[in-house]
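First up is the structure itself, then whatever we jot down about it.
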Amino acid sequence: MIELRPSAAGKWVNCTQSAIDELGKPEGDTSNADEGTIAHWLAASRLTTEAAEDGHPKVGSFYRVAADGTIELATAEDEDAIEVTQDMWNYVDEYVNAIKRTAEPENVHVEEAFPVFELLGYPGAKGTPDAVITRDDGIEVHDLKYGYNPVHAKDNLQLASYAFGVINTLYYDTVDDDFKITLNIHQPRLKRVDVAEYTIATIRPLWELIRQRAHVIQHGEHTEYNPGEHCHKHYCKARATCTALAKHVLSGIPDMEGLENADIAEKLSKVEAIRKWCDAIEAEAYTLAVDQRQHIPGYKVVEGRGGARKWRDALEAEELFKRLRLKNDIVYKYSLVSPTQAEALQKEGKIGPKQWEKIKDLIAREPGKLQLVPESDKRQAVVLEDPVDDMPDLDDDDFSDLI
């Protein structure tokens, strides 16, 4: 039997063969994932304790994710250390405050594991929602996403799996079809919260889809490849070697000659998939060559350019400068805080409300650069004016003086 994870449901529900092809493959680079893990741990700590007391995370502390997934205290010198910056604290604070405003502590389940696949008769990892709020007439499932890629709550298979586990663990068969289920995606770095509302009756088709695909995978019959954006969106570990994905990415690209706008559109629709596919191949090759010490024909491992120079010991360097009697304006460099840093100081109470009102008037922001995106993108389209022809209309007489 294959252990399925709710957090990967968007992958194996869409492509049942992926659950089989991923078996035994390494996770790859987890640095971004580790930062998200630290942010989630910080959020859980903030929801279960009133303040950052001794032993609890603080701004400026360093942590790392151990091999078993636990969080360990680290130092700035540790290669895999992640700092709890003021920005991380503020982002997590937005999520934490949203939960605290919504419900009383006794109704909030923080990082509590609920069975999902065992309820369907199959083995699998338990679903661990970031937060669940329970009420007499419904539940809210909250998920913190610390990355920058927009994630949507509607038809979110991960959160639907969590909801299934919560309902069947805490409520059993005591709820009717009108019982409310609200799925919430929090993305503080994008300043967005996405919400999708369901009832038992309207979310049941999602549960049935999950059950059907889990059944197909566990019985090993009729699994299918279904390549698409979910291969990269959910980081399928087999995407670099998947022939179905390669065929999907490279098929249907028109020849370069005689391109119409529709041909350009067809090519453009493939660019992101090709780029991510290439990234996946490079990552797979790096893992084989560097981590697993395997030879890639035609390639070799070399040492790249060294990192930025730094003091072995900043305090020792500072003391040496002082002993050498170098002037402060040579040794130290001062710069004005950025608007983001100023806002952080305001949130810390170091800049007062009246002072902040005056400071805000000096903050400007350049408009975003125009981007060409698929029509499925949620952002409002920009209405562009026709290009202006700055050249005046001329006739033959206008050139007579030049002859």
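The values are calculated or read from the model by the stated rules, or taken from the named source; none is laboratory data. Just so we're clear, the structure is a prediction, and the values are computed from it rather than from any experiment. Every residue, glycine as well, gets a Cβ built from its backbone with ideal geometry; the counts of neighbours run over all protein chains shown. Keep in mind that these areas ignore ligands, DNA and RNA; they rest on the heavy atoms of the full protein, side chains included. Shrake-Rupley method; radii C 1.70, N 1.55, O 1.52, S 1.80 Å.
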query: Is there a residue being under 23 Å from Lys126 (Cβ atoms), outside any strand (DSSP E or B) and among the acidic types (Asp, Glu) anywhere in the stretch 192-214?
result: yes
- request: Go over the candidates Glu343, Glu319, Glu303 one by one and state the one that is of a type in the set (D, E, K, R), surrounded by 10 or more Cβ atoms within 10 Å (Cβ to Cβ) and over 28 Å from Gln86 (Cα atoms).
  value: Glu319
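Out of all the residues in the stretch 262-316, which are among the acidic types (Asp, Glu) and part of a helix (DSSP H, G or I)? Lay out the reasoning, then the answer.
Here is the first cut: in the stretch 262-316, the residues among the acidic types (Asp, Glu) are 263, 266, 272, 279, 282, 284, 291, 303, 313, 316.
Of everything in the stretch 262-316, those that are among the acidic types (Asp, Glu) and part of a helix (DSSP H, G or I) turn out to be Asp263, Glu266, Glu272, Asp279, Glu282, Glu284, Asp291, Glu316.
For the stretch 103-152, how many residues are under 17 Å from Gln187 (Cα atoms) and either of a type outside the set (A, V, I, L, M) or open to solvent by 70 Å² or more (accessible area, probe 1.4 Å) (or both)? Show your work before the answer.
Looking only at the stretch 103-152, we keep the residues that are under 17 Å from Gln187 (Cα atoms), and these are 129-132, 140-152.
Adding the requirement that they be either of a type outside the set (A, V, I, L, M) or open to solvent by 70 Å² or more (accessible area, probe 1.4 Å) (or both) leaves 129-130, 140, 142-143, 145-150, 152.
Of the residues in the stretch 103-152, 12 are under 17 Å from Gln187 (Cα atoms) and either of a type outside the set (A, V, I, L, M) or open to solvent by 70 Å² or more (accessible area, probe 1.4 Å) (or both).
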task: Return a yes/no flag: does the stretch 322-332 have any residue that is in a helix (DSSP H, G or I) and touching a residue at least 60 places away in the same chain (Cβ under 8 Å).
output: no
message: Under 7 Å between Cβ atoms, which residue pairs at least 6 apart in sequence (or on different chains) link something in the stretch 177-188 that is touching a residue at least 24 places away in the same chain (Cβ under 8 Å) with a partner that is in a helix (DSSP H, G or I) and acidic (Asp, Glu)?
response: Pro188/Glu94
field: Index of the failed condition, Gln187 passing every other in (1) of a type outside the set (Val, Ile, Thr); (2) closer than 23 Å to Val13 by Cα; (3) crowded, with 16+ Cβ neighbours inside 10 Å
entry: (2)
field: Filter result (over 25 Å from Arg101 (Cβ atoms), touching a strand residue (DSSP E or B) at 6+ places or on another chain (Cβ under 7 Å) and surrounded by fewer than 24 Cβ atoms within 10 Å (Cβ to Cβ)) within the stretch 153-184
entry: Thr169, Asp177, Asp178
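Is the stretch 34-48 home to any residue that is open to solvent by 30 Å² or more (accessible area, probe 1.4 Å) and at pLDDT below 85? Even if it seems obvious, please write down each step before you answer.
To start, the set of residues in the stretch 34-48 that are open to solvent by 30 Å² or more (accessible area, probe 1.4 Å) comprises 34-35, 37, 40-41, 46-48.
Filter once more, keeping what is at pLDDT below 85: none.
No - not one qualifying residue is present in the stretch 34-48.
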query: Among the listed residues Ala103, Ala113, which satisfies the condition of being under 28 Å from Lys347 (Cα atoms) and either touching a Cys at 6+ places or on another chain (Cβ under 6 Å) or of a type in the set (A, V, I, L, M, F, W, C) (or both)?
result: Ala103
message: Go through the stretch 350-360 and report how many residues are under 16 Å from Val337 (Cα atoms), assigned to a helix (DSSP H, G or I) and open to solvent by 100 Å² or more (accessible area, probe 1.4 Å).
response: 2
task: Search the stretch 231-249 for residues being crowded, with 19+ Cβ neighbours inside 10 Å and touching a residue at least 60 places away in the same chain (Cβ under 8 Å), and hand back the single one that is farthest from the chain's Cα centre (by Cα).
output: Cys242
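Can you name every residue in the stretch 377-398 that is open to solvent by less than 100 Å² (accessible area, probe 1.4 Å) and either at pLDDT 65 or above or part of a helix (DSSP H, G or I) (or both)?
So the first thing to find is which residues in the stretch 377-398 are open to solvent by less than 100 Å² (accessible area, probe 1.4 Å), and the list is 377, 381-382, 392, 394-395, 398.
Of everything in the stretch 377-398, those that are open to solvent by less than 100 Å² (accessible area, probe 1.4 Å) and either at pLDDT 65 or above or part of a helix (DSSP H, G or I) (or both) turn out to be Asp377, Ala381, Val382, Asp398.
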Output for the stretch 329-340, where each listed residue is open to solvent by 100 Å² or more (accessible area, probe 1.4 Å) and over 30 Å from Ile363 (Cβ atoms): Ile330
For Ile363: the one exception among (1) part of a helix (DSSP H, G or I); (2) in contact (Cβ under 8 Å) with a residue 12 or more places away in the chain; (3) open to solvent by 60 Å² or more (accessible area, probe 1.4 Å): (1)
